[in-house]
1. So, Ser68, is that one open to solvent by less than 40 Å² (accessible area, probe 1.4 Å), within 29 Å of Ala189 (Cβ to Cβ), of a type in the set (S, T, N, Q) and under 20 Å from the mean Cα position of the chain (by Cα) or not?
2. Of these, Asp70, Asp100, which one is closer than 16 Å to Ala46 by Cα and free of Cβ contacts under 8 Å to residues at least 12 places away in the same chain?
3. Of all residues in segment 73-114, which are touching a Phe, Trp or Tyr at 6+ places or on another chain (Cβ under 9 Å), hydrophobic (A, V, I, L, M, F, W, C) and closer than 26 Å to Arg200 by Cα?
4. Those residues that are open to solvent by 30 Å² or more (accessible area, probe 1.4 Å) and in contact with a helix residue (DSSP H, G or I) (Cβ under 9 Å, 6 or more places away or on another chain), I need them from segment 129-149; list them, please.
5. What helices (runs of 4 or more DSSP H) lie completely within segment 124-238 and have 2 or more residues being in contact (Cβ under 8 Å) with a residue 12 or more places away in the chain and farther than 30 Å from Gly268 by Cα?
6. Mind counting the residues in segment 150-182 that are more than 18 Å from the chain's Cα centre (by Cα), more than 16 Å from Ala231 (Cα to Cα) and open to solvent by less than 60 Å² (accessible area, probe 1.4 Å)?
7. Scan segment 76-99 and give yes if some residue there is at pLDDT below 95, surrounded by fewer than 20 Cβ atoms within 10 Å (Cβ to Cβ) and part of a loop (DSSP other than H, G, I, E, B), otherwise no.
8. I'd like to verify a number: residues in segment 180-194 that are under 13 Å from Ile143 (Cα atoms) and among the β-branched types (Val, Ile, Thr), how many?
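The values are calculated or read from the model by the stated rules, or taken from the named source; none is laboratory data. Note that the structure is predicted; figures quoted are calculated from it, not measured. For neighbour counting, all protein chains shown are included, and Cβ atoms are generated from backbone atoms with ideal geometry for every residue, glycine included. Just the protein is used for accessible areas: all its heavy atoms, side chains included, with ligands, DNA and RNA removed. Shrake-Rupley method; radii C 1.70, N 1.55, O 1.52, S 1.80 Å.
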Amino acid sequence: MRAMKHPYVHGYDRRENQRLQDQAGTLVELLHADTAYPAGSRVLEAGCGTGAQTLTLAQRSPQAHFVSIDISAASLAEARRRVAAAGLANVELRQADIHDLPFTAASFDHVFVCFVLEHLAQPMAALAILGRLLKPGGTITVIEGDHGSTWFHPDSPQAQAAIRCQVELQRAAGGNALIGRELYPLLVAAGFDAVSVSPRLVYVDASRPRWVDGFTRKTFTAMIEGVRDQAIAAGLTTPERFDAGIRDLHRTTEPDGVFGYTFFKAVGRRRLG
C-alpha cells in the first residue's frame, strides 16, 4: 500500500487493487481538479501504492517531474505497469519508506500525500520528515478521508456498526480512519504555515448512477466488506451482524437511497525562514 512499516488493514490482493482504481477514477475531479504543478517542478508523491493517483497527477502536470515512492515492491510493480501503459515519461518510481527516505533536504518543490497518513502511527512525524525535503516556500498537499463523516438513507445501526469495525481494525493496526478532521492541526504542529483545508463532500443519490456504482458500491462498501474476516476473527462482530450491515450499505444504492462521505484536502507551505 503505502510508504510505511505498519500493517495495511485493507490488504494487497487483486480485489483491493481494483477497489483503489475504482476509487481513483470516481474521485478524480472532486479531489484533483485544483491540483496542478508548474513546468519544471520536482514533486515527491509519498506512498503511491499501485499508482492510482500517480497517473492523474502526471497527466495533469505533464511538464513536472514526479518521484513516486512506496514501500511495497508488489505495488510498485503494478504502478510501473500502469505508468508504462499510459506512456508517461515524467514519473520516476522508487521503493522507499516514508520514515527513511533517500533524498537530501530541500530537494523537492512540492510534496503530495494521498490516503497515507491514515495508516501511520505517527503522522505528524512523517509530515515533519516530508517538510524537510521541501525547498523553502514549497508546498505539501495532503488528502485523507474520515469514516466518521459517513451518513446514509435509510439509516442503519448495523451498517454503522460494520463501519466501526473497519475503524477499530485500523486503529489496532496503528492507523486512524478518522484522520481527515485532524489535518489542519497536524500540519500546523509539523511546522507548515499558510495551511488551508477544504472539505470535499461526496453526495450520492439515484440521479448520479456513476457515483452509486463507483463510490457507494465499489469504493466504500467494498472497503468495509473487505474487512469481514478480520472483524469476525477479532471478535468485533458476528457473521450475521456484519452481513446485515453490508446488506444495509448496499440498500443505499437503491432508487430511494442516499449516501454521503467527506474527504479533506489540505495544503501547507514550508516556512521561508
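1. yes
2. Going through Asp70, Asp100 in turn, just one is closer than 16 Å to Ala46 by Cα and free of Cβ contacts under 8 Å to residues at least 12 places away in the same chain: Asp100.
3. Phe112
4. Gly148
5. Here the list reads 157-172, 222-225, 228-233.
6. 3
7. yes
8. Residues that pass the stated criteria total 0.
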